[in-house]
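Single-structure report; data block below.
The values are calculated or read from the model by the stated rules, or taken from the named source; none is laboratory data. In this text the structure is predicted, and so the values were computed from the model without any measurement. Here the Cβ is made from the backbone with ideal geometry for all residues, glycine too, and neighbour counts use every protein chain on show. We work out accessible area using only protein heavy atoms, side chains counted, and drop any ligands, DNA or RNA first. Shrake-Rupley method; radii C 1.70, N 1.55, O 1.52, S 1.80 Å.
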Amino acid sequence: MIARAPIQFLMPDDSALETLFLPFATGAIDLPIDGRALFLRARAGAPDATPARDQLCCVQTFKPFADALLRAGFRMAGTADQEFPLVLLLPPRQREEARALFAQAIQNTKVGGTVVASMSNTEGARSGEADLKQLAGNIQMLSKNKCRAFWATVTDAAKQSPIIEQWAQLDAPRPIGDGRFLSRPGLFAWDRIDRASHLLAGHLPRNLTGRAADLGAGYGYLSAELLARNPGISALDVYEAEARALQVVQLNLEKSARDIDIRYHWHDVTTGLLDRYDVIVSNPPFHQGRADRSDLGRAFIIAAAQALKPGGRFWLVANRHLPYEATLAEQFDSVHAIATQDGFKVIEAVKAPR
């Protein structure tokens, strides 16, 4: 792998994270006596002393955020399998995914302990506050930075509520469409086949051979289509930065793919790839929150170019307005526009053979 500095995914002004600690700064919430706390969907940048860094157990399924936490010296856990006197969380915008996370937070909080969440007003803060109130039955709130911090004391009745189990199941993989694929709320285009990926799949040739990679695989649609259309593909590496997606793509490929070597990588593609390939396909991410991020797609293009063998082929789909052509021309020996349709473009880029 050719290592590079990762793309910066964290916003310089993380208002929801800052607001999460407002109740502690104002004295509205006291830290637990033993100081221990769980932080679900943690992000780097939390104040060192609120709570103490070495007492904070962080869970984060998005690899760039997890890597940033490790670089900052936070303690990471793959899952939370114990109860804490204090649970912090930064819920996502997608409501079913957020409800599952609220249920997990209640399950991971001791009776008498506190759950504290923070959300931007534009990312569903009012709904999140209502959902936590529905689970816990009591709620307090402070607002700042166009965000809300809201918290509840967890009772035994809250932990025994049947809604807890119902909402926890909202994160379970479920069939979508005609049942060919499993997916879960919060993944990109989680409840459908994305139009851009469908367009790319329809233009993939049927003569691709060798070791392949799918960059930013989501729940695995492109990977499955690539293998179904190209019996000459002998091995596949699946790259996905979101661990919740990687779990689902593995289920989908185990169910539908033929018997070849498939490797699954929880990996930030912008830092470079882990092997060399004959074929790479990708529908790169181009946004963070509500902001367009063409730098992410350009980083995917560079990673693909550096990882392809001589003569290797890169198949890309993107929104038509995204300015990728200059980067493609710099990184590849030939670039061909294959299709333009419904606001998307399909491009094949080829590395020159030796």
Whole-Hz Karplus couplings 3J(HN,Hα) for region 159-171, θ = phi - 60° and coefficients 6.51, -1.76, 1.60, Gly and Pro as x, run 5, 8, 5, x, 5, 4, 5, 4, 6, 4, 6, 5, 8
Using label points projected 7 Å from each Cα along Cα→Cβ, tell me how many nm separate H336 and R195, to one decimal.
2.6
Distant-in-sequence amide H partners of T109 (H built 1.01 Å from N, under 5 Å):
F84
Taking the Cβ-Cβ separation of A326 and A130 as r and a Förster radius of 56 Å, what is the calculated FRET efficiency to the nearest 0.05?
0.75
At 10 °C and 1.306 mPa s, what whole-number value in µm²/s does Stokes-Einstein give for the translational diffusion of the chain, with Rh from the Kirkwood sum over Cα pairs?
74
Efficiency of FRET from Cβ geometry, H203 and R276, R₀ 22 Å, rounded to 0.05
0.35
Among the lysines, select those whose C-alpha is under 21 Å from the C-alpha of K309, and discard any that sit fewer than 8 residues away in the same chain.
K351
Those GluC sites (Glu not before Pro) from region 30-103 that are DSSP loop and have at most 16 other Cβ neighbours within 10 Å turn out to be E83
Looking at region 209-348, what % of its DSSP beta bridges pair antiparallel, to the nearest 5?
35
Hey, can you find the accessible area per residue of the chain for me, probe 1.4 Å, expressed in square angstrom?
44
Stretch gain in nm, segment F188-D259, where the contour uses 0.36 nm per residue and the Cα spacing is subtracted
22.9 nm
What does DSSP give for the chain in terms of the percent of beta bridges that are antiparallel, rounded to the nearest 5?
50
The percentage of the accessible area of the chain (probe 1.4 Å, all protein chains present) made up of carbon and sulfur atoms, to the nearest whole number, is 50
Per the 1/(1 + (r/R0)^6) rule, R0 = 25 Å and r from the Cβ atoms of D30 and D156, FRET efficiency to 0.05 is 0.75
